[in-house]
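**Student:** Take a look at the following structure, please.
The values are calculated or read from the model by the stated rules, or taken from the named source; none is laboratory data. As the structure is a prediction and not an experimental result, all values here were calculated from the model. We place every Cβ from the backbone using ideal geometry, glycine too, and count neighbours over all the protein chains shown.
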């Protein structure tokens with residue numbers, strides 16, 4: 001009997017901890033795929049018309065900061081890189097949140113982040129709840145390090161993609177395709 005009681009408590013604690021990590025409602029992730037065309041890069045070059053296609057997925061499709069199951073809308077880039085790349089994420093409202101392995105520590109970042117991870121979360125300040133918020137444009141630019149004769153130089157743009165976030169009521173962010 002002594003072994004059964006602590007084992008039951010441990011199982012209940014594990015269930016409680018993982019309860020917030022389960023998606024509710026069976027809502028599939030939103031995905032966007034369109035061919036990229038000419039786009040300026042930060043280095044002043046342009047993307048060729050036959051540049052690679054990328055897609056973005058957003059899950060969940062609707063988000064409110066009061067949701068306990070996620071820290072924001074997870075944005076995932078689908079791109080098969082043949083060279084090492086970085087993902088340059090920019091939002092005109094809100095901020096990005098990183099929550100990745102191995103430590104799964106939540107880190108609130110700025111409106112612009114450059115990372116080697118193809119996924120990131122987007123959220124907005126809880127202090128803004130109850131107020132009218134602007135439509136949001138999030139742009140992902142996939143970049144690679146570019147070599148300049150005699151040394152290394154800035155990044156070169158491989159492809160880019162945008163996703164828009166609208167609002168349902170004042171506080172529920174909705175990823176739009």
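**Student:** With the structure loaded, tell me whether residue 70 is touching a residue at least 12 places away in the same chain (Cβ under 8 Å) and either surrounded by fewer than 15 Cβ atoms within 10 Å (Cβ to Cβ) or assigned to a loop (DSSP other than H, G, I, E, B) (or both) or whether it fails that test. Walk me through how you get there before you give the answer.
**Tutor:** Working: touching a residue at least 12 places away in the same chain (Cβ under 8 Å): yes; either surrounded by fewer than 15 Cβ atoms within 10 Å (Cβ to Cβ) or assigned to a loop (DSSP other than H, G, I, E, B) (or both): yes.
Yes, satisfied.
**Student:** Sticking with this structure for a sec: Which condition breaks for residue 39 when tested against (1) closer than 16 Å to residue 138 by Cβ; (2) under 17 Å from the mean Cα position of the chain (by Cα); (3) modelled with pLDDT under 75?
**Tutor:** So residue 39 meets the others, but not (2).
**Student:** So which of 161, 133 is surrounded by 15 or more Cβ atoms within 10 Å (Cβ to Cβ), in contact (Cβ under 8 Å) with a residue 12 or more places away in the chain and outside any strand (DSSP E or B)?
**Tutor:** Working: 161 fails: outside any strand (DSSP E or B).
Among 161, 133, only 133 is surrounded by 15 or more Cβ atoms within 10 Å (Cβ to Cβ), in contact (Cβ under 8 Å) with a residue 12 or more places away in the chain and outside any strand (DSSP E or B).
**Student:** Would you pick out the residues in the stretch 80-94 that are in contact with a strand residue (DSSP E or B) (Cβ under 6 Å, 6 or more places away or on another chain) and in a loop (DSSP other than H, G, I, E, B)? Before the answer, list the steps.
**Tutor:** Narrowing the stretch 80-94 to residues in contact with a strand residue (DSSP E or B) (Cβ under 6 Å, 6 or more places away or on another chain): 83, 85-94.
83, 85, 92, 93, 94, listed by residue number.
**Student:** Do you know which of the residues in the stretch 49-59 that are over 12 Å from residue 165 (Cβ atoms) and touching a strand residue (DSSP E or B) at 6+ places or on another chain (Cβ under 9 Å) is modelled with the lowest pLDDT?
**Tutor:** Checked the stretch 49-59; the qualifying residue modelled with the lowest pLDDT is 51.
**Student:** Is it the case that residue 22 is within 22 Å of residue 136 (Cβ to Cβ) and either modelled with pLDDT of 55 or more or surrounded by fewer than 16 Cβ atoms within 10 Å (Cβ to Cβ) (or both)?
**Tutor:** Working: within 22 Å of residue 136 (Cβ to Cβ): no; either modelled with pLDDT of 55 or more or surrounded by fewer than 16 Cβ atoms within 10 Å (Cβ to Cβ) (or both): yes.
No.
**Student:** Something else: Looking at this structure, is residue 77 closer than 26 Å to residue 129 by Cβ, in contact with a strand residue (DSSP E or B) (Cβ under 8 Å, 6 or more places away or on another chain) and at pLDDT 90 or above?
**Tutor:** Details: closer than 26 Å to residue 129 by Cβ: no; in contact with a strand residue (DSSP E or B) (Cβ under 8 Å, 6 or more places away or on another chain): yes; at pLDDT 90 or above: yes.
Answer is no for this residue.
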